[in-house]
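The values are calculated or read from the model by the stated rules, or taken from the named source; none is laboratory data. Predicted, not measured: the structure shown is a model, and the values here were computed from it. Glycine gets a Cβ as well: all are built from the backbone with ideal geometry, and neighbour counts include every protein chain shown.
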Amino acid sequence: MNPALNSKSCHPERSLALERQTKSKYLLFLYQPRILLLATALVMPAFSHAQGCSLCKDATAGSAPIVRQSLRRAILILGVPAGGIFVGILVLARRIKPREAPESTSQL
Amino acid sequence: MPLEALCIAQSHLWLPPNGSLHGLAVDRLMRWNLIAICVCCLAAHIWLIAAMLRRRRREQTGSTALRWTLLTALCAMYLWMAVTAQHLWAQSRYAGPSLEAMQVEVVGEQFQWYFRYPGPDAAFGSTRPNLVDATAGNPLGLDSRDARGQDDVVSSVLVLPAGRQVDLRLRSIDVIHGFFVPGMRLKENTVPGLVLHVHFTPATPGTYPILCSQVCGLGHERMQAILSVVSPAEFEAWLAAREHVRTGQRDTTGAPVQ
Amino acid sequence: MPATFTRHPVEIERKDTGIGGKPPLDRRPTGGGGDGDNWDNRPHGRRGPRELLTRYRLGVLFALAGDLMFFVALVSAFFVRQSAGHFDARENYVSDWHPLAVPPILWINTAILILSSLTMEMARRQLFREIDVMDEWLGLGRPAVKRAAPWLIATFILGSLFLAGQWIAWEQLVQQGFYFNSPDPSSHFFYLITGVHGVHLLLGVFALAAALGAMFVLRRIELRQIVVDCTAWYWHTMGIFWIFLFGLLTFFQ
Amino acid sequence: MKLRLFTTRHRALGNLYLLLSLAAVAIGTLLSLVMRIHRVWPDTPLPFYGLLNPEDYLALVTMHGTLMIFFVLTIAPQIAFASLVLPEQIGARSMAFPRLNAIAFWIAAAALLVLLAAFFVPKGAPISGWTSYPPLSAIPAAGPGEAAGMDLWLASIGLFCLSSWLAAVNMLATILGERRAGMTWSRLPMTVWAWLVTSILTLLVFAVLLAAIVLLFSDRHFGSSFFIPAGDLVNGRIVGRGDGSPLLWLHLFWFFGHPEVYIAVLPGMGLVTSLFANFARRRVPGYRLMAAMLVAIGLLGLVVWGHHMFVSGMNPYAGTAFAVTTMAIAVPSTVEVLGWLSMLWDGGLRGGGSRFPTPMLFALGFLSFFIAGGLTGPILAQPALDSYLHNTFFVVAHFHMVMAMAGCFSIFAGIYYWFPLMTGRLMNETLGKLHFWLSIIGAWGTFFPMHFSGLAGEPRHYERLTGPATSFSGIVANERGITSAALFLAAAQLIFLWNIFVGARRGRIAPPNPWQATTLEWAPESAYAPINRGPYEYEIAVNEMNFYPQWESASKQE
């Protein structure tokens, strides 16, 4: 795991480092689609800090920290199950063999 | 396409004249991005047409190496785009406004922009939606019992001094509007229930149109205002004139005094 | 598996026993070429036993995955709305969310629902007991249906009880002065979540009734199995959803 | 093919779906023409209508977007083409649940009728755009059309969510469960991969949209306050009761709205891959990589929705995070484009058995628009630039090129390609080529200049340029050009309609496998051998046939 991605990166330079490292991750998964999942999983913390940074004087200064924290929770609540179901269906698809596959008939 | 790439290369690229400090960097970034994608688009189309004209051959001329090189190059381009753009974004948005930035409140309501200056006490008076009454000269619902609001100046034009950083607090009374100043390369929605802040520094004096960029109802395209950037002296004079007529009813038809 | 299962060829496709295990000997895929009875080029190739069951289970599974996202969206809205607020005239942040004390009867309802899930599972198992299924295939009465029916009826009653309990919970809330459109958002969410889930369970109860009827009407054992099986999976999933939603409403107010 | 209404046969349903989309696209195009004409001559009364009011213009925008995105770009490439050829392509005899397929179609048809009914209720259709941001869409008093029209809009989209949810369940069950022996994951045609991804996306995001619609509806009618903030004052009445948050709607809606774009364009990507392989007579280079990239686009597409909200009061750090993921999507898309280009280049396309029939031309057109429109994506993915370009015509140009035009061209390609499967006849090649060239000229002429209007800062949804906005006077010439090009483009589609209807009646009878294709939808009725070869085995010199169809079993070869 990538420390810069998990640490609360609220400062510009650190979050720049954050997205550089994330980019390089994305370049990787060209060769290894599996790394895509890892990369997405790594960006998730970025989302989680995205809405909840106590230093943000700007755009959301009008909303209380609890709102941003709840928004970040909501983003995770939306994104994580969706990605999970997506990957789950793909895994299921790998498990199911075409009909009359020579050895085992597909069962759930 | 090549012509576009050229005339993009030599500046203005159809953007309205820029009047803000950060606008220069935005324009530069925009220009280089447009050049990059025009070149890519052009190259891709040339490749496409060349492939259509190329005589078919039996043997597999595997261009795998070429593909991966191109892919790496393009990814480097995306990385460069992302990094530079995020750098600019961080400069303009991550940090709050400077402490001596001038506070101005922008209020959008169907279909009109209002701009409120805090006055000498540098504090905005509280507003109540049930007091809003544009005909009675109180379009923002200023609470007259709030001392901080006594010296607030409400105007329908946004007059700003050149060279001083401005911290806009964006509010909306009814629906989501989009506060868009093309000349300042500035856009932020005004969301009811939220107070959003954007800060920028108007540089060159002049008048710039203020538009509503988020569809807000049947008068959407009429919801416009004028930003006039004046010299600090003129601005002081204008503000002083407004503050004199402040008592009792408010003046909502402020025009910049010359 | 005895060969007595084979009907005449036109009937064979998609009309197959739900009895698990390998396809009958003469149905084994003989991949490409082989004996004259190569069933690979029989008009509608079949996968062998449980094909139909698998298909319907897949359908129910995907439908429920989408349904899960529906509830997930409601839950995320719950959390956002919970913390939303505004700055009052004195510039302090006030929120209009007041935690709602859920009626205690919900605990009883939850227990009832869990119980109904158990009875549903019993009913489902009854329809997959090899001996009874064999008998039904051989036309010796319908022991499986006879065993399953009481459990199914029990599930039906328990499900109706749950719905009635939810209704009572609403009544109690109304007596406490919490309506759907009362200014308190937590009551919006209570009514919305319980209501949406109640609609799902209402459909489930209808499905139970339909399955109960179908068990006696349907002539083919595998269809009876499918009806009960899919209803069971739906019912279990709704039970799990309810446990999560109940935890949300109770502990995350 | 005889078109029976209450059928459950997948091909007939595919035709019905396509006819539904055809009706929707015809209406949507007419609406867009009215908009274009009104933008250039705002004060000339329209025939049969009279003068167009501002709210009418916004209603046109809303209905155009809703019709095109939901009823054309979601239905036609995905479920229409899927129920047309998906079962054959995986070697099945029908969809997993034929009746469910029919039910989904009829729900979609009902949704279309409900939506069109919004034109005829008092105060007309909704004016809040296809994104219908609250509070504008949550408060009937907020504008004309926000009362009954908005309710009908919500009902229609709710029905549509239900329909596409059922359709997605059906497609998933079919793709996963109904494949013939030997149709392994590495032997699926690329279209099936695309349909797999889009049906998963549909399953996930339309449920969320349905939830959002339920919340909005209860805000409108049951006095709740999910999206309406406190003290919200509309038309002099305080309607805000609780502390609702409009941003919540934005999050929920765009969580649906962005994957929707991929639902619209991914099937086209799969289809053109097949068409390139078919007409260039080549294998698909890096088949596994291309398929994996389709999946990657779909998966990444789930976590980029925030880039529609850079200027909507979202936290700047969220902007960065979403911008990173959005940029990341450019990578798999680039892999796809490079794959196509090198695939076309390697063999060369002139002579040697490779041809340019109409489907191939439209596939190439798709590629052109996908490149041109996709490349502006990385610009809009940068918050710093998007905060200027957001909701300007630059965005309009971007998504019309990469979603609308690329999507429509892939639909055209599919219709020309699979027309023999629908009607047993071929469409007229000459008319088809004419249709293609006029269309691509008209489409480029319509949507490319919009970039310049957008760079000049002209916002969307403006009925006319008044007040300070007249500073865009330099744009007017551009606008005229766009409008005339749009009229040209629409006129070119008449050729297509004529070609369809004449082709369906008196077109040349199609030979079996007219395109010399390898995928299974062209298999003769009698071929049920298990699959033992990949989908794109072209340019293999065997006896008098330079390709192996997938239905040719190994035993037949030796």
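Output the residues belonging to the range D:220-248 that are among the charged types (D, E, K, R) and within 34 Å of the chain's Cα centre (by Cα). Before you say what the answer is, go through the steps one by one.
Of the residues in the range D:220-248, the ones among the charged types (D, E, K, R) are D:220, D:232, D:237, D:241, D:243.
Of everything in the range D:220-248, just one residue is among the charged types (D, E, K, R) and within 34 Å of the chain's Cα centre (by Cα), namely D:R220.
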So is B:V83 touching a residue at least 24 places away in the same chain (Cβ under 8 Å) and touching a helix residue (DSSP H, G or I) at 6+ places or on another chain (Cβ under 8 Å) or not? no
Counted residues, the range D:34-75 - those being in a helix (DSSP H, G or I) and of a type outside the set (V, I, T): 18
Members of the range B:189-207 found to be within 8 Å of chain D (Cβ to nearest Cβ) and in a loop (DSSP other than H, G, I, E, B), listed by number: B:V191, B:P192, B:G193, B:L194
Check whether at least one residue in the range B:93-101 is surrounded by 19 or more Cβ atoms within 10 Å (Cβ to Cβ), assigned to a loop (DSSP other than H, G, I, E, B), facing another protein chain (nearest Cβ under 10 Å) and out of contact with any Pro (no Cβ under 9 Å at 6 or more places or on another chain), and report yes or no. yes
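Please tell me if B:V159 is within 16 Å of B:Y117 (Cβ to Cβ) and either of a type in the set (A, V, I, L, M) or over 13 Å from the mean Cα position of the chain (by Cα) (or both). Steps first, answer last, please.
Details: within 16 Å of B:Y117 (Cβ to Cβ): yes; either of a type in the set (A, V, I, L, M) or over 13 Å from the mean Cα position of the chain (by Cα) (or both): yes.
Spelling it out, B:V159 is indeed within 16 Å of B:Y117 (Cβ to Cβ) and either of a type in the set (A, V, I, L, M) or over 13 Å from the mean Cα position of the chain (by Cα) (or both).
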Any idea which of (1) facing chain B (nearest Cβ under 9 Å); (2) surrounded by fewer than 24 Cβ atoms within 10 Å (Cβ to Cβ); (3) within 26 Å of the chain's Cα centre (by Cα); (4) not basic (K, R) is the one D:M327 doesn't satisfy? (2)
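Would you mind stating whether C:A65 is at pLDDT 90 or above and crowded, with 21+ Cβ neighbours inside 10 Å? Show your work before the answer.
On the way: at pLDDT 90 or above: yes; crowded, with 21+ Cβ neighbours inside 10 Å: yes.
Yes.
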Restricting the search to the range B:208-234, which residues are more than 8 Å from chain D (Cβ to nearest Cβ), outside any loop (DSSP other than H, G, I, E, B) and surrounded by fewer than 22 Cβ atoms within 10 Å (Cβ to Cβ)? B:S228, B:V230, B:P232, B:A233, B:E234
Being within 14 Å of chain B (Cβ to nearest Cβ) and either closer than 22 Å to B:C38 by Cα or buried (at least 24 other Cβ atoms within 10 Å of the Cβ) (or both) is the filter here, so list the residues in the range D:428-444 that pass it. D:F436, D:I440, D:W444
Quick check: anything in the range C:84-92 in contact (Cβ under 8 Å) with a residue 60 or more places away in the chain and either over 30 Å from D:L247 (Cα atoms) or surrounded by fewer than 16 Cβ atoms within 10 Å (Cβ to Cβ) (or both)? no
Yes/no for B:A82 being out of contact with any Leu (no Cβ under 8 Å at 6 or more places or on another chain), part of a helix (DSSP H, G or I) and assigned by TED's automatic domain parsing to the domain that holds B:D27: yes
Among (1) farther than 22 Å from C:N181 by Cβ; (2) in a helix (DSSP H, G or I); (3) at the interface with another protein chain (Cβ under 8 Å from one of its Cβ atoms), the one test that D:L215 misses: (1)
Here is a list of conditions, (1) surrounded by 24 or more Cβ atoms within 10 Å (Cβ to Cβ); (2) in a helix (DSSP H, G or I); (3) modelled with pLDDT under 95; (4) not aromatic (F, W, Y), and D:R179 meets all of them except one; can you say which number that is? (2)
Given the residues D:S354, D:S342, D:S368, which is the only one that is surrounded by fewer than 24 Cβ atoms within 10 Å (Cβ to Cβ) and at pLDDT 95 or above? D:S368
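Out of everything in the range D:305-321 that is among the hydrophobic types (A, V, I, L, M, F, W, C) and crowded, with 24+ Cβ neighbours inside 10 Å, what residue ends up being farthest from A:R94 (Cα to Cα)? It would help to see each step written out before you state the result.
Applying the first criterion (among the hydrophobic types (A, V, I, L, M, F, W, C)) to the range D:305-321 yields D:305, D:309-311, D:314, D:318, D:321.
Next, only the ones that are crowded, with 24+ Cβ neighbours inside 10 Å stay: D:305, D:310-311, D:314, D:318, D:321.
On the way: D:W305: 28, D:F310: 37, D:V311: 41, D:M314: 38, D:A318: 34, D:A321: 31 Å.
Result: D:V311.
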When the residues of the range B:143-159 are narrowed to those that are out of contact with any Leu (no Cβ under 7 Å at 6 or more places or on another chain) and not in a loop (DSSP other than H, G, I, E, B), which ends up surrounded by the fewest Cβ atoms within 10 Å (Cβ to Cβ)? B:A147
Restricting to the range B:125-150, name every residue that is over 27 Å from B:V181 (Cα atoms) and in contact with a helix residue (DSSP H, G or I) (Cβ under 7 Å, 6 or more places away or on another chain). B:D143
State all residues of the range C:77-87 that are more than 8 Å from chain D (Cβ to nearest Cβ) and part of a helix (DSSP H, G or I); if no residue qualifies, say none. C:F78, C:F79, C:Q82, C:S83
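Mind counting the residues in the range C:125-141 that are assigned to a loop (DSSP other than H, G, I, E, B) and modelled with pLDDT of 80 or more? If you could, list the steps in order and put the result at the bottom.
In the first step, residues of the range C:125-141 are kept if they are assigned to a loop (DSSP other than H, G, I, E, B); the result is C:127-129, C:138-141.
Among the residues that remain, those that are also modelled with pLDDT of 80 or more are: C:127-129.
Residues flagged as assigned to a loop (DSSP other than H, G, I, E, B) and modelled with pLDDT of 80 or more within the range C:125-141 amount to 3.
Here's the yes/no breakdown for (1) within 22 Å of D:Y548 (Cα to Cα); (2) surrounded by 24 or more Cβ atoms within 10 Å (Cβ to Cβ); (3) at pLDDT below 90:
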| site | (1), (2), (3) |
| --- | --- |
| D:L271 | yes, yes, no |
| D:S274 | yes, yes, no |
| D:A323 | no, yes, no |
| D:G347 | yes, yes, yes |
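Just name the residue that is nearest to B:I210 (Cα to Cα) out of those in the range B:161-191 that are in contact (Cβ under 8 Å) with a residue 40 or more places away in the chain and basic (K, R). Explain how you work it out, then say what you get.
So in the range B:161-191, the residues in contact (Cβ under 8 Å) with a residue 40 or more places away in the chain come out as B:161-177, B:179, B:181-186, B:190.
From what is left, the residues that are basic (K, R) are B:164, B:169, B:171, B:185.
On the way: B:R164: 19, B:R169: 15, B:R171: 15, B:R185: 11 Å.
The residue in question is B:R185.
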Hey, D:R350 hits all of (1) without any contact (Cβ under 8 Å) to a residue 24 or more places away in the chain; (2) more than 10 Å from chain B (Cβ to nearest Cβ); (3) over 30 Å from B:H199 (Cβ atoms) but one; which does it fall short on? (2)
